[in-house]
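> Starting off with a structure, shown below.
The values are calculated or read from the model by the stated rules, or taken from the named source; none is laboratory data. The structure presented is a predicted model; accordingly, all values stated were derived computationally and were not measured. In this analysis, Cβ positions are derived from the backbone assuming ideal geometry, glycine residues included, and neighbour counts consider all displayed protein chains. Calculation scope for accessible area: heavy atoms of the full protein, side chains included, ligands and nucleic acids excluded. Shrake-Rupley method; radii C 1.70, N 1.55, O 1.52, S 1.80 Å.
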Amino acid sequence: MPAIVLVGAQWGDEGKGKVTDMLAEGVDLIVRYQGGSNAGHTVMVDNEEYVLHLIPSGILYDDKLCIIGDDVVLDPKILIEEIDSIKCRGVSLDNLRISCNAHLVMPYHKTLDRFEEELKGKHRLGTTGRGIGPAYVDKMARVGLRMSDLFDREEFEGRLGHTLKYKNLILREIFKHEGFEAADIIDEYLGYAEKLKEYVADTSLLIHNALRDERFVLFEGAQGTLLDVTHGTYPYVTSSHPVAGGACVGAGIGPTKISRVLGITKAYTTRVGEGPFPTELNDEIGEHLRKTGGEFGATTGRPRRCGWLDALLLRYSVRINGMSALAMTKLDVLDELDVIKVCVGYKVGNEVISEFTTDFRKLRECTPIYEDIPGWKTDTRGVKDYRELPKGAKSYIRNIERIIKAPISIISVGPRRAQTVILRKFV
Ligand code: GDP
Ligand code: IMO
Ligand code: MG
């Protein structure tokens, strides 16, 4: 049975939550493979909106196994709040599993995230403040604490004591913060362990067994390709690997197991936080996209920066992820526009660039070259079949497919499950 990776094609918030929830109906397991509570994935069922930070977006079905994988950095406080809040709304968490290898976000990670951003001043990244960067740094420096450590008090106390000495030195000497007491963290985290222990498992084995038994697995990426620490617009990125290749390491499966990759793109572009954004619109059209698209961060509430679709960026994303097809969301947000622009090249000085670059200097300096497409000025929110789409919308989609050299198989025209047009069956 297929294993499909669903990946953000831009700078995050492409609608991964909506598409995961929609595809989840036809699959058996949904796996989050990287990132942490910096993610905010919105799922709308009837008139109920759920914003998920750590729990996979398949949780609203009661017969799907939902896995938080090995490369996720997990803030147990936020996870428990998320579990409690969705349990209160009648959702069963019986099918949630958490990898014993997932690293823990500790209180000092969140404090350091804030202070490091302040210290960077005008070079700040605009992080979500959820301690993600510092948690991945500790993982790589081999001083992180993992989910499994919570069940070995002696080991947890010993390793925390060692790490905390060093963290407190930085906090006190550089940032003039009072630092943290080991005893307080131990009490707090062992309390979390009690609440989470029923969910902890060897999740890579669960996924392996499911694939062996011909069950269907969907890997749900967080963030987006351009936020990948290696392939994104470094240094304005997150600290993990949202790209499709990240699913292998992040969930503990081999590349031969992955059968297809579905990229999720908005019909335009958004970005939260700092960093270059060639097609950004600081005008009334940008404001129109923000207002019509409800472009405010699902995790931090920050207004998202909005701009035209960047087809160069998208073609790069198709390449880096080996995308088999794409889902285009929020087409409806363009419904009222007279003219829609698509970026097909960049001009840097006298040079015309036709392939995307992650060099932030070039991205910052460049002037986008646009193709104009006439708007369709028709409400698409009720469209269920491709044939019902206005001619202009079809032409927009076909043009983008031509430039990015990949098929758009799903079109989303609203936040609800039913507001989806399937061109080619993906699951
Ligand atoms: P994610 O992080 O990729 O899961 O995306 P977010 O949930 O952060 O942001 C996407 C937002 O767009 C959410 O508020 C969704 O409910 C909403 N959304 C998703 N698809 C569509 C669509 O096709 N049209 C409109 N208008 N809204 C959508
Ligand atoms: P989802 O999964 C959009 C951005 C932050 C910042 C940069 C680094 O909902 O698409 P971090 O806190 O990760 O160290 O911040 O990454 N960022 C996101 N932007 N959607 C997200 O997740 C994001 N997660 C992180 O705004 O620019
Ligand atoms: Mg989001």
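> Just to confirm my filter: which strands (runs of 3 or more DSSP E) fall fully inside segment 37-115 and include at least 3 residues that are farther than 22 Å from Arg159 by Cβ and of a type outside the set (A, V, I, L, M, F, W, C)? Step through it out loud before you land on a result.
On the way: elements: 41-45, 48-52, 65-68, 96-99.
Where strands (runs of 3 or more DSSP E) fall fully within segment 37-115 and carry at least 3 residues being farther than 22 Å from Arg159 by Cβ and of a type outside the set (A, V, I, L, M, F, W, C), they are 48-52.
> Tell me, which helices (runs of 4 or more DSSP H) lie completely within segment 165-260 with 3 or more residues that are within 28 Å of Thr42 (Cβ to Cβ) and in the same structural domain as His41 (by TED's automatic domain parsing)? Break it down stepwise before answering.
Numbers: elements: 182-196, 203-212, 246-251.
Answer list for segment 165-260: 203-212, 246-251.
> Give me the residue from segment 268-300 that is within 16 Å of ligand 3 (Cβ to nearest atom), under 21 Å from Cys343 (Cα atoms) and in a loop (DSSP other than H, G, I, E, B) and, out of that set, farthest from the chain's Cα centre (by Cα).
Among residues in segment 268-300 that are within 16 Å of ligand 3 (Cβ to nearest atom), under 21 Å from Cys343 (Cα atoms) and in a loop (DSSP other than H, G, I, E, B), the one farthest from the chain's Cα centre (by Cα) is Tyr268.
> Got at least one residue in segment 68-75 being open to solvent by 10 Å² or more (accessible area, probe 1.4 Å), at negative phi, assigned by TED's automatic domain parsing to the domain that holds Ser239 and within 16 Å of ligand 2 (Cβ to nearest atom)? Walk me through it before giving the result.
Quick first cut of segment 68-75, residues open to solvent by 10 Å² or more (accessible area, probe 1.4 Å) only: 70-71.
Still in the list and also at negative phi: 70-71.
From what's left, assigned by TED's automatic domain parsing to the domain that holds Ser239: 70-71.
Among the residues that remain, those that are also within 16 Å of ligand 2 (Cβ to nearest atom) are: 71.
Within segment 68-75 (the criterion being open to solvent by 10 Å² or more (accessible area, probe 1.4 Å), at negative phi, assigned by TED's automatic domain parsing to the domain that holds Ser239 and within 16 Å of ligand 2 (Cβ to nearest atom)), the answer is yes, since at least one residue qualifies.
> Residue by residue through segment 223-235, note down the ones that are surrounded by fewer than 22 Cβ atoms within 10 Å (Cβ to Cβ) and touching a helix residue (DSSP H, G or I) at 6+ places or on another chain (Cβ under 9 Å). Even if it seems obvious, please write down each step before you answer.
First, pick out the residues of segment 223-235 that are surrounded by fewer than 22 Cβ atoms within 10 Å (Cβ to Cβ): 229-231, 234-235.
Once the filter is applied, which keeps residues that are surrounded by fewer than 22 Cβ atoms within 10 Å (Cβ to Cβ) and touching a helix residue (DSSP H, G or I) at 6+ places or on another chain (Cβ under 9 Å), segment 223-235 yields Val229, His231, Tyr234, Pro235.
> Do you know which residues across segment 217-238 are away from ligand 1 (no atom under 16 Å from the Cβ) and closer than 20 Å to Leu52 by Cβ?
Passing the criteria: only Val217.
> Moving to a separate point now. Quick check on Ser317: is it more than 16 Å from ligand 3 (Cβ to nearest atom) and either outside the structural domain of Glu401 (by TED's automatic domain parsing) or not polar (S, T, N, Q) (or both)?
Details: more than 16 Å from ligand 3 (Cβ to nearest atom): yes; either outside the structural domain of Glu401 (by TED's automatic domain parsing) or not polar (S, T, N, Q) (or both): no.
When the stated conditions are applied, Ser317 does not pass them.
> Taking the conditions exactly as written (near ligand 2 (Cβ under 10 Å from one of its atoms) and either outside any loop (DSSP other than H, G, I, E, B) or modelled with pLDDT of 95 or more (or both)), does Asp13 satisfy them or not? Let's see the steps before the verdict.
On the way: near ligand 2 (Cβ under 10 Å from one of its atoms): yes; either outside any loop (DSSP other than H, G, I, E, B) or modelled with pLDDT of 95 or more (or both): yes.
In short, yes.
> Does Thr265 meet the test of being open to solvent by less than 20 Å² (accessible area, probe 1.4 Å), among the polar types (S, T, N, Q) and closer than 23 Å to Thr128 by Cβ? Give the derivation first.
Numbers: open to solvent by less than 20 Å² (accessible area, probe 1.4 Å): yes; among the polar types (S, T, N, Q): yes; closer than 23 Å to Thr128 by Cβ: yes.
So Thr265 fits the description; yes.
> Restricting attention to segment 375-403, which residues are part of a helix (DSSP H, G or I) and open to solvent by less than 60 Å² (accessible area, probe 1.4 Å)? Outline the logic, then answer.
Of the residues in segment 375-403, the ones part of a helix (DSSP H, G or I) are 386-388, 391-403.
Correct list: Tyr386, Gly392, Ala393, Lys394, Ser395, Tyr396, Ile397, Asn399, Ile400, Glu401, Ile403.
> Next question. Report, by residue number, each residue of segment 132-161 that is free of Cβ contacts under 8 Å to residues at least 60 places away in the same chain, open to solvent by 50 Å² or more (accessible area, probe 1.4 Å) and over 18 Å from Tyr192 (Cα atoms).
Met140, Ala141, Arg142
> While we're on this one: Looking at Ile59, is it within 19 Å of the chain's Cα centre (by Cα) and within 16 Å of ligand 2 (Cβ to nearest atom)? Let's see the steps before the verdict.
On the way: within 19 Å of the chain's Cα centre (by Cα): yes; within 16 Å of ligand 2 (Cβ to nearest atom): yes.
Here the answer is yes, as Ile59 does meet what is asked.
> Hey, does segment 351-365 have a residue that's open to solvent by less than 10 Å² (accessible area, probe 1.4 Å) and within 16 Å of ligand 2 (Cβ to nearest atom)?
Yes - at least one qualifying residue is present in segment 351-365.
> Does Glu49 satisfy the criteria of being open to solvent by 30 Å² or more (accessible area, probe 1.4 Å) and away from ligand 3 (no atom under 16 Å from the Cβ)?
On the way: open to solvent by 30 Å² or more (accessible area, probe 1.4 Å): yes; away from ligand 3 (no atom under 16 Å from the Cβ): no.
Criteria not met by Glu49.
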